[in-house]
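Data block below; observations after.
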Amino acid sequence: MQFKITQGINNCTVICYKADKNTELTKMVKIFDRLPKNKKQTLILSDLNLIDDIKRTENRKMRCIIVKKDSKKNRDLNIDFYADTDELIKHIDIKRNGGDSKFFNNENILITDNSELKPIIERLELKSRPANFEINLDSLAYNINYFRRNLKPATKMLCMTKANSYGIGNYEIACLMQITGVDYLGVAATDEGVILRKSGIKLPIIVLTPEIDNLELMIRNNLEPEIHNFRSLKSFNEVCKKLKRCDYPIHIKINTGMNRQGFSAEQADELINQISKLKHVKIYSIFTHLATADNYALEQLKRFDKISEKLKSALPYKVMRHALNSAGIEMFPDYQFDMVRLGIGMYGISEFACNKTKITGKLTGVITQIEKIPAGETVGYGREGVIGEKEKIIGVVPIGYADGLNRRLGNGKTYFTVNNKKAPVIGNICMDLCMIDLTGIDAKEGDRVEIFGNSPTAIEIAKTLETISYEVFTSVAERVKRIYTISENLL
């Protein structure tokens, strides 16, 4: 059994699944354990045979809705009954249009993905735009375990969930980290950590670029700051003192060559001196940030080993050390220290491990129109998509630069995969649309196309743009619907 998770109306989450006669309701509702804890739980069914199973579910707070004709005989149960989809849709639309209906607000909604309930699913899902960012959580878990196999048994793992997990998703990814036994999460800003806490994430979270103005908020949500200079060290200790917190965990960043943030080797003695006087903070880890994935990184690691060992030896308690990123885990296994930080590698994006990991994120769209364009005509703004001496079959895909499809990919710089064939982008990419050359490809309106994922990959797109795959992922706009799939194996 596989679940599909999407964003719903009114801050709801919609979870669809394919059910059959052997489906066990008690197993299905376990998906609620993998969703935000600050939302109500709702189950929508059209199968009366599952009513008896509802009695056996352990979750007594779950709200149940049955959409089926001739179901009044079962009204003795604590279940809401609707004769058909039209009746339920009326209530959904009342709420959606600003009415006072109590229906579907801040809920995790589990619903059977069948033809009978499909109109309800369409009403509940927030975004109808046909561009999807599809994330396979099973593949993500596989990739985490791949990198874990490269670690020593005692080495901990921190996974990066900053910037909405590189555009992939917030709570959905963080929750998977809890399932797979990750030790730490890393976010960029305090707000990112607060969102995870409010959703029920319990893992330790490091804030890698803490804001001085949000230190109290950070402490009240049990978030642990990176400290990279004496000003931030002093400010955080004063806030801890104000809130009467002692030995609050902090993480000291060392500059070994990135030259962006961090204490220098020359500041080590003064840092030791100041830390020894502070009662309200306690160093939990010392770390550095690698600037490259080559021999310069090895020089950084050697510097870090020396500086961090000096700090570690001066402290009366045990601290962790960490330096390696996704690439470093494979390149420098002798420098795992106590923890590693896994980022883009989780999503199958790596110059070193792509043949060993699985692609996790795939951006797709739909062909909404196909036309024959005569020879000598042009396509798109600026008339830069030239047809040439023979007519071409042109398809329109509703995704553009406002969705994160970089405008520099127009005019044949990339292609979409359509029914296992390469369809080059023709003409300039528009704000909301783009055009592809379908000449010689068996395609029809309604066919789904792959914009990046397996072919082309995010790495290929990044090389075309002379950038990195991180930017390709984080550029996918918020208005593009995220769809998460997860199998019952991860429940």
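Here are a few things to note about the model shown:
- The chain: proportion of alpha-carbon pairs further apart than 42 angstrom, %: 30 percent
- Packing-based order for 386-395, 187-196, 469-478, using average beta carbon neighbours within 10 Å, highest first: 187-196, 469-478, 386-395
- Taking SER455, SER199, SER46 and counting other C-beta atoms within 10 Å, the order from fewest to most: SER455, SER199, SER46
- FRET E, pair SER455, SER487, Förster distance 25 Å, beta-carbon r, rounded to 0.05: 0.60
- Spin-label proximity, LYS241 to segment 247-279 - amide N less than 11 Å from point 7 Å beyond Cα toward beta carbon: 278-279
- HIS251, HIS228 arranged by Cβ crowding within 10 Å, fewest neighbours leading: HIS228, HIS251
- Net length gained if the chain between ASN420 and TYR381 were fully extended (0.36 nm per residue, minus Cα distance): 11.2 nm
- Summed over qualifying helices (DSSP H, 4 residues or more, each -39500 (n - 2.57)) and divided by its residue number, the chain shows a 222 nm mean residue ellipticity of -7500 deg cm²/dmol.
- Calculated FRET value between MET431 and ASP113, using beta carbons and R₀ = 45 Å, to 0.05: 0.90
- Prolate/oblate/rounded label for segment 361-483 (Cα gyration tensor, a/c 1.5): prolate
- Estimated at 0.36 nm per residue, the fully extended path between ARG197 and GLU389 surpasses their Cα-Cα distance by 63.1 nm.
- Taking amide H positions as modeled 1.01 Å from N, with prolines and chain starts lacking one, the residues under 5 Å from ASP447 and 5 or more places away or on another chain are ILE367.
- Vicinal HN-Hα couplings computed from phi for segment 129-137 (Karplus, 6.51 cos²θ - 1.76 cosθ + 1.60; Hz; Gly/Pro x): 4, x, 7, 10, 10, 9, 10, 8, 6
- Förster radius 30 Å - calculated FRET efficiency between ASN295 and GLN261, Cβ distance, rounded to 0.05: 0.85
- In order through segment 214-221: 3J(HN,Hα) via Karplus (6.51 cos²θ - 1.76 cosθ + 1.60), integer Hz, x for Gly, Pro: 10, 5, 5, 4, 4, 5, 5, 10
- Sorted fewest first by neighbouring Cβ atoms within 10 angstrom, THR414, THR464 come out as THR464, THR414.
- Among residues other than VAL67 with Cβ under 11 Å from its Cβ, the summed charge is -4 (Lys and Arg +1, Asp and Glu -1).
- From phi via Karplus (6.51, -1.76, 1.60), per-residue ³J(HN,Hα) for segment 305-312 in Hz, x at Gly/Pro: 4, 5, 5, 5, 5, 4, 5, 4
- Potential lengthening between ASN106 and LYS318 on full extension [0.36 nm per residue; Cα-Cα distance subtracted]: 72.0 nm
- Taking amide H as placed 1.01 Å from N in the peptide plane, the amide H of PHE452 sits under 5 Å from that of LEU363, each at least 5 places away or on another chain.
- Those residues of segment 256-293 whose amide nitrogen sits under 19 Å from the label point placed on LYS302, 7 Å along Cα→Cβ: 256-259, 265-266, 288-293
- Tensor-based shape of segment 242-321 (alpha-carbon gyration tensor, a/c under 1.5 rounded, otherwise prolate or oblate): prolate
- Proximity of backbone amide H atoms, modeled 1.01 Å from N, is registered between ILE227 and HIS251, ILE252, LYS253 at under 5 Å, excluding neighbours fewer than 5 places apart on the same chain.
- Projected label distance in nm at ARG220 and ALA83, using a 7 Å step from Cα toward the beta-carbon: 5.1 nm
- Qualifying trypsin sites (Lys or Arg not before Pro) in segment 257-325, DSSP loop, other Cβ atoms within 10 Å at most 12: ARG260, LYS279, LYS318
A short reminder: the numbers here are calculations on the coordinates, not readings from a lab. Remember, it's a predicted structure, so these values are computed and weren't measured experimentally. Note that each Cβ is placed from the backbone with ideal geometry, even for glycine, and that neighbours are counted across all protein chains shown.
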